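Student: Take this structure, written in structure tokens, and hold onto it; I'll ask about it next.
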Ligand code: NAP
Ligand code: G4F
């Protein structure tokens, strides 16, 4: 019998890769999408004939309950959140409404439907390495205590413990994936890796002259999103729910990423990077490095793409995008010249 999955955050980076993966595996896939003033489905447009869209929002408990009641998923992947750490300082309540209370609303909806119908619903929570924050040990594993350093991370710690509590209190098969940073050509443009690769491509093609960044000495354990969604799925296939770190086990500074990305097109990042205090955070996470030996052992999972390969993959995709941008721009200029001459 086909399994049925509900993904919150379908339109995000991870939601799009997870939906692809689950469709490949023969799942019936449903996605929670919130209504915006513009259409936000560009990452999943190629899947829309095969994925059922449900309008709702993590701030709207009744909508979550109704969607779970009608779709009767066997697996729920909770990926929706305001996921930008820097912006969480500007917008802490909205960040925690989705990243903390939203998880609780979803768990309550699952508990209610499971209690009333007897149907078992497995739950995945998108926990984050940001929870380690001001790290108390390196590398960070499932046993490392949390020390969150932003409203985003504090909200994620709440959701982590709610997931553990609903597992222990109500026997729900609920797991936390503690994922370290993962990127891709579909990464949002205001996260540092994508901001860099977009800039590299646009600078190379003469569409931009500089890139303004904050703390480029911060270190992160960067992996590829396509690899990480496999770990999410594997967690829900285990007989017992549990919590797992998902990481590459290597850490790089933003400077290293700059070197890989600019170096790939034969440029020196020092000539184009401007340090702008606007992008510093009130409290920073200096270093993240994950120990994912539990996931490797128990889930038989491992990452396939390293940081330099990731930077190159993202620059190549952004070069294609920038070429299209330039063509459109030139077409626009040609039209203006034609109008001026006419
Ligand atoms: P993303 O690209 O920012 O996607 C976030 C998704 O959440 C989008 O689909 C967004 O919808 C949706 N969303 C936001 N607020 C919502 C709300 N109130 N109700 C319903 N949907 C809402 O994030 P991502 O990189 O795919 O990450 C997925 C999850 O993993 C997030 O929870 C993130 O915090 C967590 N995480 C990410 C990483 C990472 O390195 N990528 C690492 C650890 C954990 P719109 O399209 O309408 O904005
Ligand atoms: O790319 P970032 O914004 O990612 P950050 O803060 O590590 O958070 C991401 O990974 C978390 C997992 O650890 C997720 F939970 C979270 O949802 C998100 O996906 O910043 C990375 C580093 C930071 O130290 C930041 O201060 O890059 C530094 N940075 C320097 N200049 C910048 C910039 N970050 C951004 N976004 N923009 C800059 O201009």
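The values are calculated or read from the model by the stated rules, or taken from the named source; none is laboratory data. These numbers come from a predicted model, not from an experiment. Using ideal geometry, Cβ is built from the backbone for each residue, glycine included, and neighbour counts are taken over all protein chains shown.
Student: So which residues in region 173-219 are over 20 Å from the mean Cα position of the chain (by Cα), buried (at least 23 other Cβ atoms within 10 Å of the Cβ) and away from ligand 2 (no atom under 12 Å from the Cβ), if there are any at all?
Tutor: At the first step, the residues of region 173-219 found to be over 20 Å from the mean Cα position of the chain (by Cα) are 173, 199-217.
Still in the list and also buried (at least 23 other Cβ atoms within 10 Å of the Cβ): 199-201.
200, 201 - these are the residues of region 173-219 that are over 20 Å from the mean Cα position of the chain (by Cα), buried (at least 23 other Cβ atoms within 10 Å of the Cβ) and away from ligand 2 (no atom under 12 Å from the Cβ).
Let's see how each residue does on (1) in a loop (DSSP other than H, G, I, E, B); (2) in contact with a helix residue (DSSP H, G or I) (Cβ under 7 Å, 6 or more places away or on another chain); (3) within 25 Å of residue 131 (Cβ to Cβ); (4) modelled with pLDDT of 95 or more:
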| residue | (1), (2), (3), (4) |
| --- | --- |
| 234 | no, yes, yes, yes |
| 239 | yes, no, no, yes |
| 245 | no, yes, yes, yes |
| 250 | yes, yes, yes, yes |
| 259 | no, yes, no, yes |
| 263 | no, no, no, yes |
| 266 | yes, no, no, yes |
| 283 | yes, no, yes, yes |
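Student: Looking at residue 39 and the list (1) exposed (fewer than 15 other Cβ atoms within 10 Å of the Cβ); (2) modelled with pLDDT of 95 or more; (3) away from ligand 2 (no atom under 16 Å from the Cβ), which single condition is not satisfied?
Tutor: (2)
Student: Something else now. For the structure I just gave you, tell me whether residue 137 is in a loop (DSSP other than H, G, I, E, B), over 25 Å from residue 310 (Cα atoms), more than 9 Å from ligand 1 (Cβ to nearest atom) and touching a strand residue (DSSP E or B) at 6+ places or on another chain (Cβ under 8 Å). Full working, then the answer.
Tutor: Details: in a loop (DSSP other than H, G, I, E, B): yes; over 25 Å from residue 310 (Cα atoms): yes; more than 9 Å from ligand 1 (Cβ to nearest atom): yes; touching a strand residue (DSSP E or B) at 6+ places or on another chain (Cβ under 8 Å): no.
Spelling it out, it is not the case that residue 137 is in a loop (DSSP other than H, G, I, E, B), over 25 Å from residue 310 (Cα atoms), more than 9 Å from ligand 1 (Cβ to nearest atom) and touching a strand residue (DSSP E or B) at 6+ places or on another chain (Cβ under 8 Å).
Student: Scan region 83-101 for residues that are crowded, with 21+ Cβ neighbours inside 10 Å and part of a loop (DSSP other than H, G, I, E, B) and jot them down.
Tutor: 83, the sole residue that qualifies.
Student: What number of residues within region 140-162 are within 15 Å of ligand 1 (Cβ to nearest atom) and either assigned to a helix (DSSP H, G or I) or crowded, with 20+ Cβ neighbours inside 10 Å (or both)?
Tutor: Residues that pass the stated criteria total 16.
Student: Out of all the residues in region 43-56, is one or more surrounded by fewer than 23 Cβ atoms within 10 Å (Cβ to Cβ), closer than 18 Å to residue 225 by Cβ, in contact (Cβ under 8 Å) with a residue 24 or more places away in the chain and within 9 Å of ligand 1 (Cβ to nearest atom)?
Tutor: yes
Student: Name the one entry in 142, 130 that is within 24 Å of residue 295 (Cα to Cα), within 14 Å of ligand 2 (Cβ to nearest atom) and touching a helix residue (DSSP H, G or I) at 6+ places or on another chain (Cβ under 9 Å).
Tutor: Values: 142 fails: within 14 Å of ligand 2 (Cβ to nearest atom).
Of 142, 130, the one residue that is within 24 Å of residue 295 (Cα to Cα), within 14 Å of ligand 2 (Cβ to nearest atom) and touching a helix residue (DSSP H, G or I) at 6+ places or on another chain (Cβ under 9 Å) is 130.
Student: So which residues in region 169-189 are farther than 21 Å from residue 148 by Cα and within 14 Å of ligand 1 (Cβ to nearest atom), if there are any at all?
Tutor: Pass one, region 169-189, residues farther than 21 Å from residue 148 by Cα: 169-174, 183-189.
183, 184, 185, 186, 187, 188, 189, listed by residue number.
Student: Let me ask another. Select, from 73, 62, the only residue that is part of a loop (DSSP other than H, G, I, E, B) and more than 15 Å from the chain's Cα centre (by Cα).
Tutor: Working: 62 fails: part of a loop (DSSP other than H, G, I, E, B).
Just a single option satisfies the conditions, and that option is 73.
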